[in-house]
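Read the structure below first, then the notes.
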Amino acid sequence: MQRDIADLLFQEFNISKKTYILSKEVEEQVADKFSEIDYISRFNQYKVLKAFQNNHISDSHFVETTGYGYDDLGRDALDAVYAETFRSEDALVRHHIVSGTHALALCLYGVLRPGDTLISVTGKPYDTLEEVIGIRGKNNGSLRELGIKYQQVDLTPMGTINYDEISASIDKNTKVAMIQRSKGYDWRPSLTVKEIERLIHTIKTINPDTICLVDNCYGEFVETIEPTEVGADLVAGSLIKNPGGGLAPTGGYIAGKKEYIKLAAYRLTSPGIGKKCGASLGMNRHLFQGFFMAPHIVSQSLKAAIFCAALFERLGFEVCPKSDEIRTDIIQAIKFNNPELLISFCQGIQKGAPIDSFVRPQPWDMPGYDSQVIMAAGAFIQGSSIELSADAPIKPPYIAYMQGGLIWNHAKLGIIIALQDMMDKGLLKI
Ligand SMILES: *Cc1c(COP(=O)(O)O)cnc(C)c1O
């Protein structure tokens, strides 16, 4: 007997007819948004393709090197492909960079010297950077211990940039201004590249020598331009997020001005050696292919985020960003105002995963957090957040942060399963 998708969902995934109909309506409602996403994805795909072609990428670039890794053609060509895509002078793309935090730390330690000032102009930086800067932790070799001063300009209560205070805070000692593009795990608008442009202009008007470093995590390929195209001197991110395209097994990247990339590379290896060493160990092909896939994969994640936003808006929840708002990162926040709904949502996302779907994640006391945290991640690559994942601190107002999705058709079902799970537990009615 022939079955259609609806039957399959009813019989194999225990999706109710009501849920199915709602999901279909929501999908129709966001169709226009999806065509915008397709346009951006196409634009970025062609940009990346051209960078591959212009750099004559071939089979020989996938050959692995070992030991010191001198003359690793693939590694150097990958740097060139990233640099061209980001319209930057140079790039440093390495599986030796363990995470986004590491990439950002390399930038900071690379260019800052004792007596310099670092300013964060978008409020408190991402949690993991607090120990790097020295906001938290002691005797750990933080920037503060090395004599680097730190200033922070908080966002306004509306979550917008405080231009007046930034202008008043920048002076001739401001060596680095750090800008976080994505809201991360906050409830506020993320920064569009246009807004980043205005911010950089403000900073450079006061001190043209201030190095503008953008934490680009979760932002790559969400718009048709990147911060390096509007004056950012350095951008950094993680390869288990957007630019790894779900295929990079690990790594980080930095793109920007040649002299600063050199200094960051001196931190990664050592002064004098910089970019010239570091065996690629057969990683090159994964990193190339992942980067080639990234514009498409990011579009899949964005569709998941928009669908999720529209679905929960319909059910009366507050979401950030809203389904029809401009996006500049792949994170979708949903305010549940209720711990049971929050936990159930995260457990439902896990239930829909290809890996570890049989595991029920539980809230736990994760080091470094002031409340319990729940994390749903049924991913091929440990901790990968370009794969469909959701996490949340268990504290009011009980916000879940969902991101990723390699395949929109999968991510959609994951979200539907999460909703069905909440209904089956009697926590929600539609
Ligand atoms: C993910 C992320 C980072 C870095 O995190 P890692 O887990 O170290 O890769 C930094 N800033 C933002 C906004 C992020 O989303």
Give me the residue from region 179-194 that is within 15 Å of the ligand (Cβ to nearest atom) and among the charged types (D, E, K, R) and, out of that set, modelled with the highest pLDDT.
Arg181
Can you tell me which residue among Ala265, Ala255 is open to solvent by less than 20 Å² (accessible area, probe 1.4 Å), touching a residue at least 12 places away in the same chain (Cβ under 8 Å), in contact with a strand residue (DSSP E or B) (Cβ under 9 Å, 6 or more places away or on another chain) and within 16 Å of the ligand (Cβ to nearest atom)?
Ala255
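Matching residues to (1) over 22 Å from Ala400 (Cα atoms); (2) in contact with a Gly (Cβ under 8 Å, 6 or more places away or on another chain):
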{"position": "Tyr150", "(1), (2)": "yes, yes"}
{"position": "Asp154", "(1), (2)": "yes, yes"}
{"position": "Met158", "(1), (2)": "no, no"}
{"position": "Asp164", "(1), (2)": "yes, no"}
{"position": "Ser167", "(1), (2)": "yes, no"}
{"position": "Arg181", "(1), (2)": "no, yes"}
{"position": "Ser190", "(1), (2)": "no, yes"}
{"position": "Lys194", "(1), (2)": "yes, no"}
{"position": "Arg198", "(1), (2)": "yes, no"}
Exception for Gln152 within (1) closer than 25 Å to Ser385 by Cβ; (2) within 16 Å of the ligand (Cβ to nearest atom) falls at (1)
Restricting to region 209-241, what's the tally of residues that are more than 10 Å from the chain's Cα centre (by Cα), among the hydroxyl-bearing types (Ser, Thr, Tyr) and part of a loop (DSSP other than H, G, I, E, B)?
2
Step by step: first the residues of region 56-103, then only those that are open to solvent by less than 10 Å² (accessible area, probe 1.4 Å) and outside any helix (DSSP H, G or I), then the one that is nearest to the ligand (Cβ to nearest atom). Which residue is that?
Ile97
Can you pull out every residue in region 104-134 that is open to solvent by less than 10 Å² (accessible area, probe 1.4 Å) and near the ligand (Cβ under 8 Å from one of its atoms)?
Leu104, Pro125, Leu129
Filter region 135-167 for residues that are open to solvent by 40 Å² or more (accessible area, probe 1.4 Å) and at positive phi; which is farthest from the chain's Cα centre (by Cα)?
Asn139
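A quick yes/no check of all residues on (1) open to solvent by 50 Å² or more (accessible area, probe 1.4 Å); (2) in a helix (DSSP H, G or I); (3) within 16 Å of the ligand (Cβ to nearest atom):
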| residue | (1), (2), (3) |
| --- | --- |
| Gly246 | no, no, yes |
| Tyr260 | no, yes, no |
| Gly282 | no, no, no |
| His286 | yes, yes, no |
| Met293 | yes, yes, no |
| Asp324 | yes, no, no |
So for region 171-178 (the condition being among the hydroxyl-bearing types (Ser, Thr, Tyr) and either open to solvent by 70 Å² or more (accessible area, probe 1.4 Å) or within 20 Å of Cys217 (Cβ to Cβ) (or both)), does at least one residue qualify?
no
Note down all Cβ pairs under 8 Å where the first residue falls in region 1-27 and is under 14 Å from Asp421 (Cα atoms), the second is hydroxyl-bearing (Ser, Thr, Tyr), and they're at least six residues apart or on different chains.
Leu9/Tyr20; Phe10/Ser16; Phe10/Tyr20
What number of residues within region 13-34 are outside any helix (DSSP H, G or I) and aliphatic (A, V, I, L, M)?
2
Those residues of region 329-368 which are surrounded by fewer than 19 Cβ atoms within 10 Å (Cβ to Cβ) and free of Cβ contacts under 8 Å to residues at least 40 places away in the same chain amount to Ile355, Asp356, Ser357, Phe358, Val359, Arg360, Gln362, Pro363, Trp364, Asp365, Met366, Pro367
How many residues does region 264-280 hold that are in contact with a His (Cβ under 8 Å, 6 or more places away or on another chain) and assigned to a helix (DSSP H, G or I)?
1
Residues satisfying the stated conditions in region 197-217, i.e. open to solvent by less than 10 Å² (accessible area, probe 1.4 Å) and either away from the ligand (no atom under 16 Å from the Cβ) or free of Cβ contacts under 8 Å to residues at least 60 places away in the same chain (or both)
Ile200, Ile203, Thr210, Ile211, Cys212, Val214, Asn216
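The values are calculated or read from the model by the stated rules, or taken from the named source; none is laboratory data. Since the model is a prediction, treat every value here as computed from it, not as a measurement. For neighbour counting, all protein chains shown are included, and Cβ atoms are generated from backbone atoms with ideal geometry for every residue, glycine included. The accessibility values were calculated without ligands, DNA or RNA, using every heavy atom of the protein model including side chains. Shrake-Rupley method; radii C 1.70, N 1.55, O 1.52, S 1.80 Å.
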